[in-house]
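The structure appears below as structure tokens.
The values are calculated or read from the model by the stated rules, or taken from the named source; none is laboratory data. As the structure is a computational prediction, the values presented were derived from the model and not from experiment. Cβ placement follows ideal geometry from the backbone for every residue including glycine, while neighbour counts extend to all protein chains displayed. Only protein heavy atoms, including side chains, enter the accessible area calculation; ligands, DNA and RNA are left aside. Shrake-Rupley method; radii C 1.70, N 1.55, O 1.52, S 1.80 Å.
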Amino acid sequence: MDFDDTPEEAAYRARVRATLEERDADLLHVRPGQSADARRYEAELRATERVLAEAGLVGVTWPREYGGQGGTLVQQAIVAQELARARVPTLVNHIGIGMCGPTVIAHGSDDQRQRYLARLLRADDVWCQLFSEPASGSDLAALRTSAVRDGEDWVVNGQKVWTTLAHVADYGILLTRTDPERPKHAGLTMFVVDMHAPGVTVRPLRQMSGDAGFNEVFFDDVRIPDGERLGEPGEGWRVALTTLMNERVAIGGAGSDIGQSAEALAAHARDRLPALGAEQQVLARQAVGRALVASLATRYTGYRRFTTLSQGGVPGPEASAGKLGGTAAARLVADAGVRLLGDEAVLGATADGDETWQRAQAYVPGVAIAGGTDQVLRNILGERVLGLPPEPRTDKAAPFSSSGARR
Ligand SMILES: Cc1cc2nc3c(=O)[nH]c(=O)nc-3n(C[C@H](O)[C@H](O)[C@H](O)COP(=O)(O)OP(=O)(O)OC[C@H]3O[C@@H](n4cnc5c(N)ncnc54)[C@H](O)[C@@H]3O)c2cc1C
């Protein structure tokens with residue numbers, strides 16, 4: 001395939017780059033840990049996202065009627081690459097834009113699309129994804145949070161966990177069990193939930209990086225109007241698959257942070273290598289070389305997936321392979337970055353206060369879990385690409401209530 005921009009793509013890229021240069025002063029190039037407190041950091045990220053939305057750089061492929069640009073996937077990838085190049089921080093509403101919004105577009109009512117989507121793109125509302133529970137992560141369809149119909153409402157009880165951004169979110173997409181007598185995949189229903197509704201309690205969880213980016217969320221008799229349902233009752237798994245497919249593509253996508261990290265690593269190596277002792281230099285050079293090769297392999301594999309998408313295809317196992325490879329590359333990049341710090345690697349930040357590489361190393365193990373663990377992705381590749389016999393799934397057809405997992 002041809003990796004160069006077509007003349008139209010090159011013109012679009014030049015326009016995006018010029019816009020970013022023009023608005024540079026309004027884009028707060030904040031990094032985690034630099035702001036006085038988490039609330040202020042979040043407000044700064046929201047403000048940055050609003051500037052980008054006004055400049056037409058958020059929701060590039062979304063329909064114009066919902067605040068998007070009606071653009072192509074290639075244009076979206078170009079914007080992602082240029083944002084990374086300009087070192088604009090990850091959008092605060094990345095889960096809303098990458099996963100919740102596309103789910104509302106595909107399965108929401110007109111009323112929901114009108115009410116939610118334009119506000120989401122401008123980060124007026126931040127969204128989160130309420131799927132995982134203490135006893136169901138990889139086996140998501142075994143979830144237990146219940147929604148019971150009561151007049152015009154549904155009443156929700158249960159607990160979610162690892163919910164990224166719930167502590168700042170205004171809305172979430174919530175997967176619940178509405179019919180425990182049906183097999184586990186068939187008794188689920190999806191809703192939009194107001195995170196400020198009575199009965200919703202959010203408790204942040206502290207990670208080893210020191211941040212508290214994800215949370216436990218408790219639902220105690222939370223009432224959700226039936227008009228906030230996404231899809232039909234019992235159709236929740238189909239709706240969730242839309243979210244999950246978008247998630248894997250968003251995490252492993254072409255033009256993602258991985259390529260940019262490789263460039264950052266190369267610059268870091270040029271800066272740091274001369275200061276290391278002879279023995280440390282040899283090891284660091286090998287680590288940097290391995291990491292750069294893995295990053296390039298991920299980037300080009302991403303382009304292949306991207307070609308499928310831009311030709312109207314649906315990413316299949318290549319989305320899983322992309323995420324798996326991307327995680328492995330990210331780990332090598334982070335490890336090499338820390339190795340280059342020499343003795344300063346044992347400190348939380350370098351002498352000049354930079355935490356970039358220590359943070360990256362603390363963050364990567366989570367990437368290997370979020371959006372499908374490495375092991376689960378390998379199962380998918382084994383079954384769907386290599387044609388290996390599937391795992392035994394004894395509970396697939398049985399009513400969920402007979403599985404012993406009911407609350
Ligand atoms: C940084 C981060 C952000 C997250 N954000 C969100 C979020 O916003 N919303 C949300 O809903 N969830 C979120 N999650 C949760 C994430 O989706 C789950 O952690 C993930 O699906 C794994 O589920 P689990 O933690 O329950 O682990 P488990 O599924 O219990 O897995 C435990 C171990 O068993 C292995 N394993 C499980 N099943 C199999 C199998 N069939 N074959 C082989 N090995 C297996 C796994 O690979 C893993 O090593 C986030 C997680 C992280 C780390």
Tell me, what is the percent relative contact order of the chain, built from C-alpha pairs under 8 Å that lie six or more residues apart?
13 percent
Need one value: the accessible area of Lys184 in square angstrom, 1.4 angstrom probe, rounded to the nearest 10.
20 Å²
Two decimals is fine: what's Rg over Rh for the range 7-92, C-alpha atoms, Kirkwood radius as Rh?
1.00
Applying a 10 Å radius around every beta-carbon, put 286-295, 195-204 in order of their mean neighbour count, most first.
286-295, 195-204
Sulfur and carbon atoms: percent of accessible area, the range 253-372 [1.4 Å]
58 percent
Take the chain, mark every one of the GluC sites (Glu not before Pro) that falls in a DSSP loop and has at most 13 other Cβ within 10 Å, then report the longest stretch left between them, sites excluded.
182-407
Once you have a ≥ b ≥ c as the square roots of the Cα gyration tensor eigenvalues for the range 132-172, tell me rounded if a/c is under 1.5, and otherwise prolate or oblate according to whether a/b is larger than b/c.
oblate
Just to be sure I follow: if Rg is taken over the C-alpha atoms of the chain and Rh is the Kirkwood radius over the same atoms, what is Rg/Rh?
0.97
Neighbourhood charge, 15 Å Cβ-Cβ cut-off, centred on Leu341 and excluding it, Lys, Arg +1 and Asp, Glu -1:
-2
